[in-house]
Amino acid sequence: MRTDTPQTIYRKDYTPPSYWVDTVEMGFDLDPAITRVATRLTMTRNRDSRNKSLVLCGEALELVQLRMNGKPLTKRAYTLHDGTLEIFNAPDKVTLEIETLTHPDRNTSLMGLYVSNGNFFTQCEAEGFRKITYFPDRPDVMAKYTVMLRADKKKYPVLLSNGNLIEEGDLGDGRHYAVWEDPFKKPSYLFALVAGQLVCQEEKYTLQSGREVLLQVWVEEGNLDKTQHAMDSLKNSIRWDEERFGLELDLDRFMIVAVGDFNMGAMENKGLNIFNTKYVLANPRIATDADYAGIESVVGHEYFHNWTGNRVTCRDWFQLSLKEGLTVFRDQEFSADMIGTDSGRAVKRIEDVRVLRQAQFPEDAGPMAHPVRPDSYVEINNFYTVTIYEKGSEVVRMYQTLLGRDGFRKGMDLYFQRHDGQAVECDDFRAAMADANDRDLTQFELWYSQAGTPRVTVDTHYDPVGRKYELTLSQSCPPTPGEDRKLPFHIPVKVGLLNSHGSDMPLHLEGHAQAGTTMVLELTKEKQTFVFTDVPEQPVPSILRDFSAPVILEIDYTDVELAFLMANDSDPFNRWEAGQRLAMRRMLELTRDVQDGHVLADDDGDEPVLTESFRAMLDATALDSAFREFALTLPSETVIAEQMDMVDPQAIHTVRRFLRRSLASALRIDWLVAYQSNRTPGTYSPDAASAGKRGLKNLALSYMIELDDIEAHVLAQTQYDNANNMTDRLVALTALVNSNAPGKVAALDTFYNEFENEALVIDKWFMLQATARTTDVKAVRKLMKHSAFTLKNPNRARSLLFGFCNGNPSQFHAVDGSGYAFWAEQVIALNAINPQVAARLARSLDRWRKYAPVLQGKMRAALKQVADTKGLSKDVLEVVTKSLAN
Ligand code: B3K
Ligand code: ZN
C-alpha cells in the first residue's frame, strides 16, 4: 500500500542483476502471529556489472539481523528504503545472512506467506518472495534452495516445500521439523511452502522411461472423496507431455495442494503446485461438467509449466507470455487430445475462441490494451491478463499453423536444447521456431510488440470464363493507447471453397502445387490478392478456418450463404461461426429497432432463415451434442456489446431475451425432443460425450424456460428434484430462479441448506443469484449481508461481485448509476483487503467510453471516486488511472 505516485517500469530499462545467487538456505519458525525467517544466501558478483551495489527487495518485513561474510553489517554499509535493501561496496563473493519477521495471519493480500483456515501457504509469483525475505526477487536470478520448516507438530503435522524431503524429525518441545531440497535451480517466484493439517491421496506412477514417481494431492480432512479427478488429470498430463513433446517429469515427487483462499486458479511452484480448491475438488455431488473440465485443464496447465516456465523461465516479467501463452496453448491442446475425436477438438477450439472474444477482444480495444509482450507496467500483477494468456496462446498456435505440427515440435525441441535452465525472452522462442524450420519469422514479431485486434476484410471476384476466383484480403488494426500506427501483421488465413452442393473444392492457388481442400494463405501485406484457378463455379468461401489467427474477420455474406455454411462447411469452427454471424446480424438489427423506440412484437421474431437453420441444427443428430449446443447458443450480451458503437445494455438484453423466446416458441417441439433424447441416465460420468449431451439438454431447458409456462416450470422443478449430479442440479436451479416458477424460493433455500458446508457450491449459489435477471443492486447488497458472504475470500467475492458487475450487464448498467456507485464502494473496500482482487474488479468499467453519454458520465464519476481515494494500492491506481486517461 502506498500513497506516492507509483513508478512505471519499462522493458527497455532492463539491466542484468549485479549479483547472482548460487544457493539459498532458509529456516522458518512458523507461527501465525510472528514467523521468523533466517536466510543464508551465497552470491557471486555478475562480471558484467562491476561497481554496482548489491540490491535486494523486501516488503512488509521486519529486519532483525543482517550479516555479510560472517560479520554484522553496519548501518552505514547499506540503505533500506522503498522496499529496496542496497548494500554498497560488497565483495565479489558474498554470504549474506538475513533474519526477518513476518505476520502471516495479518496478511490478507494472499501474497507471500499467509494463513488460510489455520494452515500456512505461500504465493510468490510475481513478486511475493520479497514478503518472505530480502532477495533479488526477479526471475532471471535462479538458485538452488534448501529449506527447513519448524512448527508445532500437533497444529502443523504436515510440512512441505519444493523438491525432495531429505530429513525430518522431532525438536523435542512439541515441535518438529522437515528439510526439503530442490535439486533444480529456480527463480524465487517458484518457491513454496505449505504447513498444516492436511491429508493426501497418493499414488506411485511409472514414467515411460521406467522411473517411478510419487504423486500426491493434499487437501483438508473431509475432502479426500474429491481428489480422484485431479489425480487422474495429473497422470494424464504426465503421459501427454511425454507423448506429444517428449518431456518427462524431472522430480521423484510431485505434489498438488488445495487451498480455499487463493488469488487465482493455481500456481506452478516447482514440485509443489498450490491450487485454488475450485481447481482440485470434485465429485458428482458438488462439481459441474465445467468444473471437471476446468480441473483437467488447470492441473495440466500447472504441470506443463514444469518445462515451459520452470525449466525455461522468463528473463523479466515483460516476457510473461513466453511461459503463459505457451502453457495455455499446451493445456488447450491437452484438453483437446483428451477428448480425442475431431469434432471434440473443434468443440474445444470453439470454447477457447469464445473466451477470447468475450474477454480478450474487449481488453484489446480498451484502455488496458497492451501487447503480448508489454513495454511497461506499474504493477505486474495487473498484467496476468487474457492478452498475455489467451492471445499469447493464439500467437503460439499460429506458429503451429504456419510450420505444421512437426515443424512446431522441431521448434520446441530446439528451444529446450538451447535454453534449458535459462531465463529467456519471447524473441528466443521465436528464434527457435524460425531456426528449427529455416523460416524467416521477423515480421511475426509484431504479434508480440503491437497491441490491438487486427481486422481482416475479404473481397472476392469470380470470373466464370477464365474459371478464376480472386480472394483479396486486407488488414488494418485500430490504434491502442500509445500506439497510433500499426504495421501489417503476418497472418495465417486458413481457407476452403465450397461448391453449390456444399462440398469442398480442390484448391489450385496460382503458382502453387495443389494443396488439398484447405490451405493456409499467408497475409503479410496490407492488401494481397490470392488467385485460385480451375474453379468450375462461383464458390462460397470459408475463411479463417479453425480460427487460424486472432483477428476480426469482416466478410459480406448473405443470410442464405450463412445458413448454407452453417449446414455444410466441413470446417466445424466455421460452421459454428456462420450461425453466430447470422444470429448476431439479427440481434444488431433488432437492437437498433429497440433503440429507435420500436416495441418488439411477436412477428419481429419471425425470422425464417435463423429459425430454420436452428431447426436443422437441432435435427442434425449425427453431429456431437456439444457442437450443437454451441451452435444453438446466441452470442453473449458482452460479445454483442463489442459490435456496437454505442452500447445500450438494456436494449441488448431485451433483444437477446426476445430472440431466445421466439426461438423457444417456434421450435418448442424440437427443444423438447432434444431435451428428452439427450438425457444421461445412470451413473454420472464427466466424459466429453456425456457432458455434451447434458449441455444440449440443459440448453434446451434454458430455452424452454423462456416461455415461463407450467410445462417449463415442471420440467425444471423435476430436473432439480431428481438430478444425480451438480450440472443438472445447478442448471435446473438457474432456470427456476430466472422464471416465475412457484418453487424457486424453496429451491434456493434447499440448495443452500444442503450445501452449506461446501464452500465451492455456496460460491455457485451466490453466483447464480448475482447473474439472475431480476437481481438488482439492492438484491446484491442484501446478499452481501448473508452470513456466508465475506470479501476476504477471493472465490466468494468473485462469485457475487464479479458475477454481478461482469455477468449481469443490464442490471449493473442500471440507468440511475446505482451499479457504478456500488462498484466504487466495493473496489475501495477490497483495496484495503486484497489489492489484486480489487484491481480485477476495477477492470469492470474498462469500456466506459463505449456507453451512452449519461452512463459514461456516471461511470467516469465512479472511476474518479476510486482514483481519488487515499491509500489506494498501485494495483487499483494503475487500472483506474489508465481507464480515465485513455
Ligand atoms: N503463474 C500463475 C499465475 C500467477 C499470478 C500472479 N498474480 C498461474 C499460472 O498461470 O499457471
Ligand atoms: Zn500459467
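Brief remarks follow.
- Rounded to whole Hz, the Karplus (6.51, -1.76, 1.60) HN-Hα couplings of segment 454-467, x for glycine and proline: x, 10, 10, 10, 10, 10, 10, 8, 10, 10, x, 6, x, 6
- For K486, the aspartates and glutamates whose Cα falls under 15 Å of its own Cα, not counting residues fewer than eight places away in the same chain, are D364, E445, E526.
- Comparing T774, H653, I9 along the charge dipole axis of the chain, the residue lying farthest to the positive side is I9, per the Cβ-charge model.
- Max-minus-min Cα coordinates of segment 1-197 on each principal axis give 49, 37, 31 Å, with the largest extent listed first.
- Among 158-164, 621-627, the order from most to least packed when residues are scored by Cβ within 10 Å on average: 158-164, 621-627
- Taking 7 Å steps out from each Cα toward its Cβ at E203 and S476 produces label points 5.5 nm apart.
- The trypsin sites (Lys or Arg not before Pro) of segment 623-697 that meet both conditions, a loop assignment by DSSP and at most 16 other Cβ atoms within 10 Å of the site Cβ, are R679.
- Distance from the Cα centroid of segment 815-886 to that of segment 442-457 is 30 Å (rounded to whole angstrom).
- C-alpha long axis of helix 818-833 to longest principal axis of the chain, angle in °: 20
- Phi-derived couplings, Karplus 6.51 cos²θ - 1.76 cosθ + 1.60 at θ = phi - 60°, listed residue by residue for segment 53-64: 7, 8, 10, 10, 9, x, 9, 6, 10, 9, 8, 9 Hz, with x used for Gly and Pro.
- Angle between the chain longest axis and helix 744-755 axis [Cα atoms, degrees, rounded to 10]: 30
- Placing pseudo-labels 7 Å out from each Cα toward the beta carbon at A616 and H501 gives an inter-label distance of 1.7 nm.
- Pairwise inverse Cα distances across segment 378-534, averaged and inverted, put the Kirkwood hydrodynamic radius at 17.9 Å.
- Sequence-distant residues sharing a close amide H with S376 (under 5 Å, placed H): R11
- Our estimate of slack between T15 and K75, defined as 0.36 nm per intervening residue step minus the Cα-Cα distance, is 18.9 nm.
- Two-decimal Rg/Rh across segment 223-356, once Rg and the Kirkwood Rh are taken from alpha-carbon atoms: 0.95
- Using θ = phi - 60° and Karplus 6.51 cos²θ - 1.76 cosθ + 1.60, couplings along segment 473-489 (whole Hz; Gly, Pro as x): 10, 10, 10, 8, 9, x, x, 10, x, x, 9, 7, 10, 10, 8, x, 7
- Entries in K744/K782; K131/K185; K153/K185; K858/K882; K391/K693 that, when Cα-Cα distance is taken, lie over 26 Å: K153/K185; K391/K693
- Partners for K52 among lysines (Cα-Cα distance below 18 Å; same-chain residues under 8 apart left out): K93
- Eligible lysines near K226 by straight Cα distance, threshold 22 Å, same-chain separation 8 or greater: K204, K235, K278, K764
- Close amide H pairs (under 5 Å, H built 1.01 Å from N) link A266 with N276, residues at least 5 positions away or on another chain.
- Gyration tensor over the Cα atoms of segment 497-542: the corresponding equivalent ellipsoid has semi-axes (square roots of 5 times the eigenvalues, largest first) of 19, 12, 10 Å.
- Long-range HN-HN contacts of S116 with modeled amide H, under 5 Å: F121
- Crossing angle, helix 874-885 versus the chain [Cα axis fit, 0-90 degrees, rounded to tens]: 40
- Peptides 578-588, 751-761 ranked from most to least packed give 578-588, 751-761, packing being the mean of other C-beta atoms within 10 angstrom over each peptide's residues.
- Peptides 855-866, 368-379, 297-308, 784-795 ranked from most to least packed by the mean count of surrounding Cβ atoms within 10 Å: 297-308, 368-379, 855-866, 784-795.
- Shape category assigned to the chain from the gyration tensor of Cα positions, a/c cut at 1.5: prolate
- Alpha-carbon gyration tensor eigenvalues x 5, square-rooted, for segment 740-779, Å: 18, 14, 7
- Normalised contact order of the chain, rounded percent, pairs of Cα under 8 Å and 6 or more residues apart: 9
No lab work stands behind these numbers, since they all come straight from the coordinates. Everything numeric in this text was worked out from a predicted model, so none of it was measured. Positions of Cβ are backbone-derived with ideal geometry, glycine not excepted, and every protein chain shown enters the neighbour counts.
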